[in-house]
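J.: I am attaching a structure below and will ask some questions about it afterwards.
FYI, it's all coordinate maths here, none of it is from the lab. Owing to the predicted nature of the structure, the values given are computational and were not obtained by experimental measurement. Neighbour counts run over all protein chains shown; Cβ positions are idealised from the backbone, glycine included.
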Amino acid sequence: MVDMNKLLGQLLGSGVGGGFAGGLAGGLASSLLSGKGGRKMGGNALKLGGLAAVGALAYTAYQKYNQQNTGSSQPAIPAKLTPAPPGSAFMPKENDVAAKEELGLILVRAMIAVARADGRLDAQESQAIFQKIQSLGLDPESQNLLVKEMGHPVDVDAIVNSVSSPEIAAEIYAASLLAVEVDSPAEKAYLGMLAARLELPAQLVVELERQVETQKTFAQ
């Protein structure tokens with residue numbers, strides 16, 4: 001069985017699973033197809049596992065969004081990431097391996113989709129990706145999973161249909177933001193479409209983007 005938390009951690013550059021912090025740097029196909037690096041997570045996120053890192057980004061953004069939306073007079077939530085509580089809508093229970101694997105696969109698929117937003121794979125690109133995946137030092141099962149997922153057509157409907165709660169929707173968007181440097185019209189259009197399809201409030205989208213940008217600055 002593929003350890004999705006370990007795999008996601010490697011792709012995010014979080015240091016989970018052997019200290020992987022280069023190569024894809026969280027960008028998956030983006031750095032392979034166009035030479036652009038994805039967003040390597042930094043700061044507090046580096047201390048978290050793959051699922052926990054994405055969960056913390058979404059959870060922290062949600063807290064700040066709710067605070068702004070309710071006009072709360074409580075002290076501002078600190079800039080550091082707040083880990084999502086296990087067993088919450090953001091994070092499965094510690095012992096729920098199946099739920100963790102399912103969520104991890106959803107997030108990896110979301111990352112692949114946005115990274116491929118500005119082009120289709122030809123045979124040469126597919127070969128380059130296969131060679132890069134082989135160089136990552138992943139176990140055979142993880143390699144096979146990535147190769148298989150990269151070979152599938154992007155299916156936004158499947159990604160959207162996998163959403164079981166607004167919190168998971170926020171995590172999908174956060175993972176998508178981490179996968180690329182948003183510097184092409186196709187990527188911007190895709191993310192705008194994804195946010196709309198996920199039915200994320202505009203203010204929450206802004207906060208998710210702010211949290212990801214903050215983590216990016218830590219990694220520089």
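J.: Lys/Arg Cβ at +1, Asp/Glu Cβ at -1, dipole of region 139-215 taken about the Cα centre: which of 190, 173, 152 is farthest positive-ward?
T.: 190
J.: Fewest Cβ neighbours within 10 Å first, please rank 1, 111, 193, 91 accordingly. Present the calculation step by step, with values, prior to reporting the outcome.
T.: Working: 1 7, 111 29, 193 12, 91 24.
Ordered from fewest to most neighbouring Cβ atoms within 10 Å, 1, 111, 193, 91 come out as 1, 193, 91, 111.
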